[in-house]
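These notes are about the structure you will find just below.
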């Protein structure tokens with residue numbers, strides 16, 4: 001759709017919560033600067049909300065712009081900003097907007113991870129843009145650097161902290177020594193966690209973001225269903241102490257790797273808690289901040305760090321996308337579409353390779369270490385270090401700490417099963433992966 005020189009670009013906003021309010025305010029307050037950068041004024045023609053009559057004093061727009069008729073609103077816009085989240089009605093509204101010639105800027109990681117190909121295909125069919133920088137790490141520019149700045153490079157691995165709630169919880173546990181439930185309650189009191197924090201602490205949020213990152217980094221369609229997911233609900237204060245004793249911290253990581261499986265290139269995508277050495281850049285990411293670590297063949301190691309959530313930080317990423325798609329409307333042309341030419345298979349978790357920290361409760365008698373070592377050897381898992389600690393008040397019991405060399409998850413799982421069947425092993429107290437070492 002050609003843009004008439006001098007005419008404003010009509011902007012429709014879907015949603016006016018924390019992020020939507022910040023987007024609307026910044027569109028008004030920075031109108032002159034945004035017009036200079038985009039090449040045309042950005043005019044809000046409507047804001048779709050459930051309750052249009054509710055007072056919104058923090059949003060400096062004409063109250064008449066609020067509407068409950070989102071379906072009608074998207075048909076009269078040049079750019080549609082979607083910040084309502086979820087799958088439906090967001091998907092139907094985005095598709096309808098594209099069919100009527102509007103470019104779309106979205107922060108909807110769940111929808112992009114579930115049905116990104118449909119959105120890309122529809123955007124291509126109608127010659128419009130689909131941008132979603134804010135969907136993964138708030139204010140942090142990570143998607144466009146992977147998609148555009150590293151387009152001439154070969155990305156090998158993307159590993160990051162992409163959920164601020166879980167990072168706050170794990171960081172607080174490390175600093176204070178408090179338990180999981182206590183720190184989740186603290187995060188809720190401070191506004192870092194929702195009343196129902198399931199999507200965050202069970203890893204669903206991070207898994208959606210990992211799917212988006214892997215799709216862009218490896219030119220392969222990866223959905224949230226392809227991502228191995230573990231949350232942080234099983235992380236205990238004892239795990240945090242064990243990490244500290246090994247000069248590590250525990251982080252919930254999204255890990256996307258290009259791997260070799262059965263002699264062919266493939267992709268491994270997983271989300272789980274892991275011990276990270278304090279010497280690694282990701283270990284220093286505190287509180288609710290996010291960071292993404294990228295390894296590529298030519299550029300080497302890159303790290304992107306900043307605020308991963310919140311109204312203003314996320315709105316910053318949204319408006320960066322709005323300016324980009326507005327420029328295309330003014331000058332003609334489109335931004336990059338989906339790149340899925342590699343079409344690599346996504347391997348299951350059993351083929352993922354990393355190191356492990358295993359804590360065993362064992363009998364303190366001769367021959368136990370030999371039995372444990374044999375269980376590891378029988379399944380092809382090489383031991384790096386072993387440390388035994390006496391259990392206070394229990395003269396015949398001990399704690400055995402084993403750190404392995406790199407091994408497949410399948411081999412480690414078989415080893416743990418074998419350990420659990422040994423008479424000398426009372427309990428496999430914890431198993432945690434070690435990353436970044």
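No lab work stands behind these numbers, since they all come straight from the coordinates. Computed from a prediction, not measured in an experiment: that's the story for all the values here. Every residue, glycine as well, gets a Cβ built from its backbone with ideal geometry; the counts of neighbours run over all protein chains shown.
Please report the equivalent ellipsoid semi-axes of segment 88-165, computed as sqrt(5 x eigenvalue) of the Cα gyration tensor, largest first, in whole Å.
24, 16, 10
Could you give the Stokes-Einstein D for the chain in µm² per second, using the C-alpha Kirkwood radius, 37 °C, 0.692 mPa s?
Result for D is 140 µm²/s.
So for 218, 66, fewest C-beta neighbours within 10 Å to most, what's the order?
Ranked by crowding around the Cβ, least crowded first: 66, 218.
For segment 352-434, restrict the atom set to alpha-carbon positions and state the Rg and Dmax in Å.
12.0, 39
Would you mind calculating the relative contact order of segment 157-296 from Cα pairs under 8 angstrom and at least 6 residues apart, reporting the percent as a whole number?
Relative contact order comes out at 37 percent.
To the nearest 500 deg cm²/dmol, what mean residue ellipticity at 222 nm is calculated for the chain from DSSP H runs of n ≥ 4 alone, each contributing -39,500 (n - 2.57), summed and divided by the residues?
-10500 deg cm²/dmol
For the chain, what proportion of DSSP beta bridges, expressed in % and rounded to the nearest 5, is antiparallel?
Here the share of antiparallel DSSP bridges comes out near 70 percent.
Considering the Cα trace of segment 143-307, what is its radius of gyration and what is Dmax, both in angstroms?
Computed over the Cα atoms of segment 143-307, radius of gyration and Dmax are 16.0, 50 Å.
Over its Cα atoms, what ratio of radius of gyration to 2.2 N^0.38 Å does segment 83-122 give?
Compared with the compact-globule rule of thumb, segment 83-122 sits at 1.02.
Please express the shape of segment 209-292 as an equivalent ellipsoid: the semi-axes are the square roots of 5 times the eigenvalues of the C-alpha gyration tensor, given largest first in whole angstrom.
Over the Cα atoms of segment 209-292, the semi-axes work out to 27, 14, 13 Å.
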